[in-house]
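Heads up: the structure comes next, in structure tokens.
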Amino acid sequence: MTNDQIENFLNQVDFNKSKVQINFRSRNSMVGIFLKTTDFIELKSKNLWRIVNETKIDEFLSVKDESVARIFNGVEITKLSLQKVA
């Protein structure tokens, strides 16, 4: 996906809170949250996105430690959808 496509999707969700189903070209899909950090604009311009995996969300929300996130290339993302809350 292009950075514009991803940004348009992200305009509809709460950063650092909304769980998103992320499908990739060459890896398994995952659920995570996109982070809007101080380097967000720089990363976005390069189509790079800081994402916290679902297994680390609780840790991130309690400590707000950005180091639990990983950076993913938007070119590898094929589909984004808001995760339904049970």
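Rule-based calculations on the coordinates, nothing more; no lab input. Please read all numbers here as calculations on a predicted model, not as lab measurements. Using ideal geometry, Cβ is built from the backbone for each residue, glycine included, and neighbour counts are taken over all protein chains shown.
Under a point-charge model restricted to the Cβ atoms of Lys and Arg (+1) and Asp and Glu (-1), what is the dipole moment magnitude of the chain relative to its Cα centre, in debye to the nearest 20? Intermediate values should be presented prior to the final figure.
Details: 13 positive and 11 negative charges, 49 e Å.
Charge dipole, the chain, about its Cα centre: 240 debye, nearest 20.
In region 3-82, what is the count of Lys pairs whose alpha carbons are under 21 Å apart, counting only pairs at least 8 residues apart or on separate chains?
Close lysine pairs found across region 3-82: 19.
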